[in-house]
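One structure is given here, and the rest of the page talks about it.
The values are calculated or read from the model by the stated rules, or taken from the named source; none is laboratory data. In this text, all values refer to a predicted model and were calculated from it rather than measured experimentally. Cβ atoms come from the backbone with ideal geometry, glycine included; neighbour counts cover every protein chain shown. With ligands, DNA and RNA removed, areas are computed over all heavy atoms of the protein, side chains included. Shrake-Rupley method; radii C 1.70, N 1.55, O 1.52, S 1.80 Å.
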Amino acid sequence: MGQNLVKGSVVVFESTVYPGVTEDICVPILEAESGLKCGVDFKIGYSPERINPGDKVHRLETITKIVSGMDEETLDTVAKVYELVVEAGVYRAESIKVAEAAKVIENSQRDINIAFMNELSIIFHKMGIDTKAVLDAAGTKWNFLKFSPGLVGGHCIGVDPYYLTYKAEELGYHSQIILSGRRINDDMGRYVAESLVKNLIKSDIPVKGAKVAILGFTFKENCPDTRNTKVIDIYKELGEYGIKPAVVDPAADADEAKRLYGITFCDVKEIKDMDAVVVAVAHSRFLELSKEDIAAFFNPQHKVKVLMDIKGLFDKKDFQEDYLYWRL
């Protein structure tokens, strides 16, 4: 960017960063590469990206856009440009650092809330209580926040909180809530794998060499992105027990999965005679699976079928007979 910068330009950054990156790190690079002076030859602004992959409702034009600029003139220019395309309008932050902070805490807040749900899930499993049933009951209160447990991956929620805690550490403050949430969420893949192994043992199925299928590999439903997916943690942890799972994901970028993780996907038609099935991602295609479709995945000789429905996609009542059904 700096090498191609011309006088009179306004450079707007959109990446999620900790407060100060745009002005303290990016500007000196632009100046060094361009030979121009910020505030004299060019101006800067910041407007964080808020898109939600796979979401057909919350899109660029329908989400209020936070905008900021190094001065009032720049802010006005940046706001007017984004207003041309963002139907929902813009919110003018009072400074670039405020806009940077707003974005990074949006993702941190969601990370912490999901971590709380994951911790509750671990506790309720020990109590023999169904987490989804608890959340459905608690959700009848008007101000209860409706989050659910799950795997937190991707290149935003699972990463961005570290930007804020890194800067806090530089300033002498050790994060407690943010990092504890990160630890819980980063450990959920291992927890799911361990729970699967325990369920195999309960079902008198030998663990080593067990035939396991994982349905879904992307970091979230209905998108092809596999970057920083936590499903790989389940895959690797099962490998520690001598299990090499078959992975199915018709929505994922197969080339990316092969390049990043060395995993080749199977066709769903190849999933037969399984000892356990993990439904890891809530793809709409998996929601279309009938009870008969799921039953066909398993070894018909097993008296008990181990079904790990991580996101609780299916009705638990449909899998009470002949199944050991488990969900977060």
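The rule of thumb for compact globular proteins, 2.2 N^0.38 Å, goes into the C-alpha radius of gyration of the range 186-328 0.96 times.
Take the residue pairs LYS43/LYS65; LYS7/LYS167; LYS126/LYS305 and return only those whose Cα atoms are more than 24 Å apart. Long pairs (Cα-Cα over 24 Å): LYS7/LYS167. For the chain, a Gaussian network of Cα nodes joined below 10 Å ranks GLY189, GLY20, GLY262 by mean-square fluctuation, and the top entry is GLY262. Take the range 25-115 with all the other protein chains still there, run a 1.4 Å probe, and you get 52 Å² of accessible area per residue.
Solvent-accessible area per residue for the range 163-234 at a 1.4 Å probe radius, Å²? In whole numbers, the range 163-234 has 48 Å² accessible per residue. For the chain, the fraction of 1.4 Å probe accessible surface lying on carbon and sulfur atoms is 53 percent. With the Kirkwood sum run over all distinct C-alpha pairs, the chain has a hydrodynamic radius of 22.3 Å.
For the range 191-328, relative contact order (Cα pairs under 8 Å, six or more residues apart, normalised by length) works out to 26 percent. Using just its DSSP H runs of length 4 or more, each adding -39500 (n - 2.57), the chain gives a mean residue ellipticity at 222 nm of -11500 deg cm²/dmol after division by all residues.
For the range 52-103, the list of trypsin sites (Lys or Arg not before Pro) that fall in a loop by DSSP and count at most 11 other C-beta atoms within 10 angstrom reads LYS56.
The antiparallel fraction among DSSP beta bridges confined to the chain stands at about 10%. Placing R0 at 35 angstrom, the Cβ-Cβ distance between LYS146 and ALA296 gives a FRET efficiency of 0.55 after rounding to 0.05. Here is the list for the range 211-312: trypsin sites (Lys or Arg not before Pro) lying in DSSP coil, each with at most 10 other C-beta atoms within 10 angstrom of its C-beta, are LYS303. Just checking the listed ones, ALA280, ALA137, ALA102: in the Gaussian network model of the chain with Cα springs under 10 Å, the one fluctuating most is ALA137. Taken along the Cα-to-beta-carbon direction at a fixed 7 Å, the label points for ALA32 and LYS317 span 6.5 nm. Eigen-decomposition of the gyration tensor built on the alpha-carbon atoms of the range 74-153 gives equivalent ellipsoid semi-axes of 39, 14, 10 angstrom, largest listed first. Using just the C-alpha positions of the range 1-106 as equal point scatterers, what log10 of I(q)/I(0) does the Debye formula give at each q in 0.13 1/Å? These q points yield log10 I(q)/I(0) values of -0.47.
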